[in-house]
Amino acid sequence: MEKFLKREVIYDGKILRLDLDQVECDNGKLAYREIVRHNGGAAILCITTDNKVLLIKQFRYAYNEVLYEIPAGKLEKSEDPFTAAIREFEEETGKRALDMSYLTTIYPTCGYSSEKIYLYLVTKYEASQQHLDEDEDVEPIWMDLSSVLEMIQNGTIKDAKTICAIQTYLIQKNKIQL
């Protein structure tokens, strides 16, 4: 296990911080680790009893692409992930969760980031209103689960949290033994 020696904060922004840590490796050599510190996020897979999945269609600047994703948002500092999931689901979809259960937690970029994304499942909801941030432009879309799986297979859906949430849901639903 690497031993932390010292840290230099390179950048401290609104949603992330970049640290340059010096560590001592198991073999005694010194090394540096560039780590993006992030509060994490919560993402919500909403699927109905007739296998309709609620996705969000939105432009993602970092990739210069329109992506299909499950609703999600970042955690405020020290915020409970479940609370964030409830908030983000309503803000992005205009629906209020009537039940929400935990699926799993993923580490989307474990080589250089501390981000954790907490995945939740919603199967019952009621109508509400979207409350988008002023810089958000998202379009909720209902799709058949079979279409979503096809979009994952053909590379149309590229978002890791969406793929992980769907796969975890299917494993749990079908009680697949690994």
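All of the numbers you see were taken from the coordinates with simple rules; none came from a lab. The structure displayed is predicted, hence computed values, not measured ones. Positions of Cβ are generated from backbone atoms using ideal geometry, with glycine treated the same way; all protein chains shown enter the neighbour counts.
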Top-ranked residue of the stretch 96-135 - restricted to ones that are surrounded by fewer than 15 Cβ atoms within 10 Å (Cβ to Cβ) and of a type in the set (A, V, I, L, M, F, W, C), ranked as nearest to GLY73 (Cα to Cα): LEU132
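State which residue is surrounded by the fewest Cβ atoms within 10 Å (Cβ to Cβ) when the search covers only the stretch 136-167 and only residues that are out of contact with any strand residue (DSSP E or B) (no Cβ under 8 Å at 6 or more places or on another chain) and among the small types (Gly, Ala, Ser). Spell out the reasoning first.
To start, the set of residues in the stretch 136-167 that are out of contact with any strand residue (DSSP E or B) (no Cβ under 8 Å at 6 or more places or on another chain) comprises 146-147, 149-150, 152-155, 163, 167.
Now restrict to residues that are among the small types (Gly, Ala, Ser): 146-147, 155.
Working: SER146: 10, SER147: 15, GLY155: 7.
Per the stated criteria, the residue is GLY155.
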Flag for GLU79 being farther than 30 Å from ILE152 by Cα, in a loop (DSSP other than H, G, I, E, B), more than 13 Å from the chain's Cα centre (by Cα) and not polar (S, T, N, Q): yes
